[in-house]
Each structure stands twice: as structure tokens, then as C-alpha cells.
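**Q** My questions will all concern the structure given below.
The values are calculated or read from the model by the stated rules, or taken from the named source; none is laboratory data. Bear in mind that the values here come from a model prediction, so they are computed numbers and not experimental data. Cβ placement follows ideal geometry from the backbone for every residue including glycine, while neighbour counts extend to all protein chains displayed.
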Amino acid sequence: MELTTSAFMSRDFYPSQGEIPTTPVGANFCIRESPLPLSPQQAHIERIDDIPLLMALQQRIDLAGLIDAVIPRHWSHQGLSIGQLIVAWDTFILSEGDHRKVTVRDWVTDHQAILQQMVGFPIRDTDFTDDRLGQVLTYLSDDSTWERIEHQLWQNSVVVYQRKPECVRLDASRINGYHTVTQEGLMQYGYTPSIHPQPQVKLMAASIDVGSNGHLVATDVVSGEKADNPLYLPVIDKVRLSLNQSGLLYIGDSKMSALAIRAEIAAGGDFYLVPLANVGEVPHQLDQYIERIVSGQQQATLIFDSTCETNQRLIAAGYQTNRERSVTLPSGQLYSWTERLLVIRSLSEADKRFADLKKRLKDATEALWGLTPQPGRGQQQIRCEDQLKTEAEAILSRYKVADYLQYTFTREEDTTTQYVGRGRGGKNRPKRLITSVRYQMTEVKENDVAITAAFCRMGWRLYATNTTDERLSIEGAVILYRRAPRIERHFHLFKDAPVGISPLYVRRDDQIKGLIRLSKVRATVDID
């Protein structure tokens, strides 16, 4: 901790003689020291921890300076500036993993000496009150102010990383909270896979590839009920403004594959790589392209995992074809371009779907045999052929295996003699024959030909890109798209542990938006 120790060696940062300087004690503690000798009862030990490192990272990109340049100090504002407040608040969130405002003031009091040393100004007791922090979020919630901060934040951080971006990834996320939904509020009920949906706000984020990680460039915060499709182009415009370059490759999920979005990207001199949503004409086209492979009309290119140098692993196969696309832009101009379709089969996806099919076949087989148990106490028998067929077809339909399972059954009869009427039987008493009918499953067999044919069609998907093969080959496209889960980890820093902000604990819309944008600043500072 040389940085921490040396930070306490300077004693001339205090503006007045009345301030109490500090002296380092070891690598992780310091003692607040008065000008007079202290007794053990008067000494106060203060932890240093990771505070100098976190604040130094923010000072490298001059975070406080760029924020203060956009949000100047009001003439009546006393104490730390908005930029200095944000730097200290970010340090608290990163160090403590807590985004609540109510706990910041006590933390600052416990670390006042080191914070004053790093900030370079005395910290007042009122600097980190709940009201003062709320004012910070209100400043950040202003769209024009935030756009200037976000743009300058990229300019400062890219100098540190010294990267020339080539690939931009876009994705949407949801941030939940325990809020009362109002008609015009940010927190709204939207689509969520949760069984018990909560009010949510939607966040669209754009990140560039930086080595094996990502670096956030632009974000957009909208109400939770909005669909993802309209959110892509506004964020793409922000990325273009921040990076100020063309020829970027934009990568997104199937919600970004709308023709209008692809046309806007291509018309702006950029490129895209997206999986096509399985709607409209896409399923029929995909079946045609798969049939060319299955029938042997088309040869497939094998794609291996290039990260395995000693033992390359086959991960996918497929081929590509070209087609012409045309669309009328919002400006009224007809724009045409050449698009490459990548017909890709993921082997892991095919194996996963085939395992699911085998499980459904097993469950359906057990359910079919269970329709006709052996006679016994409590074992209900099926005595009508139509009933057996109806229940068997319902099982095949429920497990979606009607094309892959075949069953046969037999009709069994059991005839018994009974006396007519009540009482004991006699030699001359009349009798009658009772015939009991039951149906029994005799065989449940898998259709191997149909199962093999289904496996050959599993794991396929259509991808679209307007790049040339020289810029991005079919192998490169597959490997680049598969890197998304690791690159997009920064998207989850907004809400995931240990320093996420979900669920939100602020109520007002301006503070909700401001806190999410503060997290964008924090995610920019965060390092592996």
C-alpha cells in the first residue's frame, strides 16, 4: 500500500491551522493526531482500506473536474462541489456495496481523515446529508446535463485505456423496485419472467469490447413498460456522438434485428451482426436453408473454438449466402444494401434440445404405460377404446412427441358366470355370463427415423450482417457473437451484487434516473 502510506506523509493540505492532521499507522490504519501529545484514550484509529485506490482511479480520469465543468457551483453552494460529492459517493458504493443514501453520512464520518486527504478540502458534517445527495441525483437526471457528462466521461476514460473501438454491443436490462405505479412515472409494470412481477425501469446500454471485458459508452433510461426495439437507435446515436467514428460493428440480440434498425445502421456507414427473430418469414426461410444442408445440396463450414490451442473443439457449423435488401428511411430516401445471411448450427444448442427431446420421450413413454396398469385394488382400468386413444393423444400432445412415438394396445375380455337375482345358488337357479373388457398397452416405440431427422434440424439459426467476408468471416462472426456473455458483464453492474442498485430505494423519478446514471459512472471506474 505505497499509495496509501505516501498519501499520509503530506501534512500541508489543510487550509487552516485549526484542522487536525493525521499520521499513518501501518498500511491499513491511521491515527488522527492533535498538535499536543495524545494519550491512548485520545487517539482515534481510522481504517484506510481501499478508499485511496478507488479515489485515485477516479482522479485518473478527472471525474470531479469534468462533472464540475458541466454542473458549475451555484453562488450559494458551500462545501464540496458536485463533482467531489460524486467521487466520494462512488467510493462509498464501491467500497461498501451499498447504494442507499441514508448510510453515506455515517461512513464519511468514520473515514473523514482519509477522505479529506484524498479530496484536498475539509469535509463538513452537512456535505453528505440525504438532501444534498438527493440534489446530486436531480442534477444527473437532467438529460442535457447527462449527455454532456457521458460524452466527456468517454473522452477522459478512452485516454486512459488507449483503445480504438471496433465493436459495440447493445442490450437492455430491467431494474426493479418496490414502488407505487403512477400513470406518468418511470416505474411501470412491464414484461418480466418473474412469477411475481414488480414495477421496473428499463435501461438500454452500449458497451465497447476492451480485451476480454467491456467498457460502457452510452446509456438510456426509460419507463419500464416500453418495448426494447425503439430503444436501440437513440443509444446508437449517442455512441456515434461519443466515439465520433464510422465503421463500427454493432452487435445485439434478436430484438435489434428489426429491418428499420439494420437499415439505419447500414445507412450511417456502420455494420451490424444480429440473430434474426424467429417471426414472419424467417422460420420458412430457415427451413429452406436447413433442407439444403440435410439433402446434401450445400456443404457446411466447420467452426472450431480457437481459444483451445492444444485440442480444438468443434462448436458450430454452417454456411452463408447473400441477398439484397431495400427500405425507405425516415428521411424518405430509398436505401439498398447487400446483406449476408449466416446459417449457423450451434452444436451445444443442438445437444441441449436433443436432450430435452429425449427427456420428453421418456416422460411420455412412462405416461402412456401408466394409462393401463395391471388389474388390482385401486387401479382404474380403461374399458373404452375411444377413451384410451383420447388420453394417449393428449399425452403425446402435452409432451410434443406425437411425431416421434408410436403405441399399440390390445383388447382383453374376461368372462364370469353369475346367478340371476339375490340369494344362494342352486342347481336349477338361472345363470348369466358377464363379460368384462379392458384395454392394455402392448408396446410404446420410438420412431428412430423421425427422431434422427429432427436432430438434424436442431440448433440452427439465421444471423444477418452487412459486413464483407474479408472484414468478418463466418468463423469470426460466430466466435465474436459467443463472447457476448463475458463482455456484457458491465450491463449487470447496474443491479447485481455486490454493488448493484436493484431494488431501488429512491422514490422520485428524477432520483431514480440520477441514481442509475451515477451507477454508469461507477461502472466506468470499476475494474477487474
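**Q** Scan the stretch 79-95 and tell me whether some residue there is among the hydrophobic types (A, V, I, L, M, F, W, C), assigned by TED's automatic domain parsing to the domain that holds ARG262 and surrounded by 22 or more Cβ atoms within 10 Å (Cβ to Cβ).
**A** no
**Q** Next question. Looking only at residues that are hydroxyl-bearing (Ser, Thr, Tyr) and touching a helix residue (DSSP H, G or I) at 6+ places or on another chain (Cβ under 9 Å) in the stretch 294-330, which one is modelled with the lowest pLDDT? Write out each step before concluding.
**A** If we filter the stretch 294-330 for residues that are hydroxyl-bearing (Ser, Thr, Tyr), which is where we start, we get 295, 301, 306-307, 310, 319, 321, 326, 328.
So of that shortlist, the ones also touching a helix residue (DSSP H, G or I) at 6+ places or on another chain (Cβ under 9 Å) come out as 301, 306-307, 319, 321, 326, 328.
Details: THR301: 91, SER306: 70, THR307: 65, TYR319: 95, THR321: 94, SER326: 93, THR328: 91.
It comes out as THR307.
**Q** Suppose we keep only residues that are of a type in the set (Val, Ile, Thr) and not in a helix (DSSP H, G or I) within the stretch 248-295. Which one would you say is surrounded by the fewest Cβ atoms within 10 Å (Cβ to Cβ)?
**A** Applying the filter and picking the extreme gives VAL279.
**Q** I've got another one for you. Could you tell me whether ALA56 is surrounded by fewer than 22 Cβ atoms within 10 Å (Cβ to Cβ), at pLDDT below 85 and either in contact with a helix residue (DSSP H, G or I) (Cβ under 6 Å, 6 or more places away or on another chain) or over 30 Å from ARG507 (Cβ atoms) (or both)?
**A** No; evaluated as a whole, the condition is false for this residue.
**Q** Turning to a different aspect of this structure: Starting from residues that are more than 25 Å from the chain's Cα centre (by Cα) and under 15 Å from ASP62 (Cβ atoms), keep the ones in the stretch 150-164 and report whichever is modelled with the highest pLDDT.
**A** Here the answer is GLN152.
**Q** When you scan the stretch 492-525, how many residues do you find that are at pLDDT below 70, touching a Gly at 6+ places or on another chain (Cβ under 8 Å) and assigned to a helix (DSSP H, G or I)?
**A** Of all residues in the stretch 492-525, those at pLDDT below 70 come to 492-500, 522-525.
Now narrow it down to the ones that are touching a Gly at 6+ places or on another chain (Cβ under 8 Å): 492-494, 497-499.
Now narrow it down to the ones that are assigned to a helix (DSSP H, G or I): 492-494.
Final tally of qualifying residues: 3.
**Q** For the list (1) within 44 Å of the chain's Cα centre (by Cα); (2) outside the structural domain of GLN288 (by TED's automatic domain parsing), I need the number of the one condition that TYR335 fails.
**A** (2)
**Q** Those residues that are in contact (Cβ under 8 Å) with a residue 40 or more places away in the chain and either under 17 Å from ARG124 (Cβ atoms) or within 30 Å of the chain's Cα centre (by Cα) (or both), I need them from the stretch 67-91; list them, please. So that I can check it myself, show each step before the final result.
**A** We begin by selecting, within the stretch 67-91, every residue in contact (Cβ under 8 Å) with a residue 40 or more places away in the chain; these are 67, 69-71, 78-80, 82, 85-86, 88-91.
Selection gives ILE67, GLN78, GLY79, LEU80, ILE82, LEU85, ILE86, ALA88, TRP89, ASP90, THR91.
**Q** Just name the residue that is surrounded by the fewest Cβ atoms within 10 Å (Cβ to Cβ) out of those in the stretch 419-464 that are within 30 Å of ARG345 (Cα to Cα) and of a type in the set (A, V, I, L, M). I'd like the intermediate steps shown before the answer.
**A** At the first step, the residues of the stretch 419-464 found to be within 30 Å of ARG345 (Cα to Cα) are 445-464.
Then drop every residue that is not of a type in the set (A, V, I, L, M), which leaves 449-451, 453-454, 458, 462, 464.
Details: VAL449: 9, ALA450: 15, ILE451: 18, ALA453: 13, ALA454: 16, MET458: 18, LEU462: 22, ALA464: 19.
The selected residue is VAL449.
**Q** Continuing with the same structure: Does ILE61 satisfy being of a type in the set (Val, Ile, Thr) and either under 30 Å from the mean Cα position of the chain (by Cα) or closer than 27 Å to TRP154 by Cβ (or both)? Talk me through it step by step, then tell me what you get.
**A** Numbers: of a type in the set (Val, Ile, Thr): yes; either under 30 Å from the mean Cα position of the chain (by Cα) or closer than 27 Å to TRP154 by Cβ (or both): yes.
Spelling it out, ILE61 is indeed of a type in the set (Val, Ile, Thr) and either under 30 Å from the mean Cα position of the chain (by Cα) or closer than 27 Å to TRP154 by Cβ (or both).
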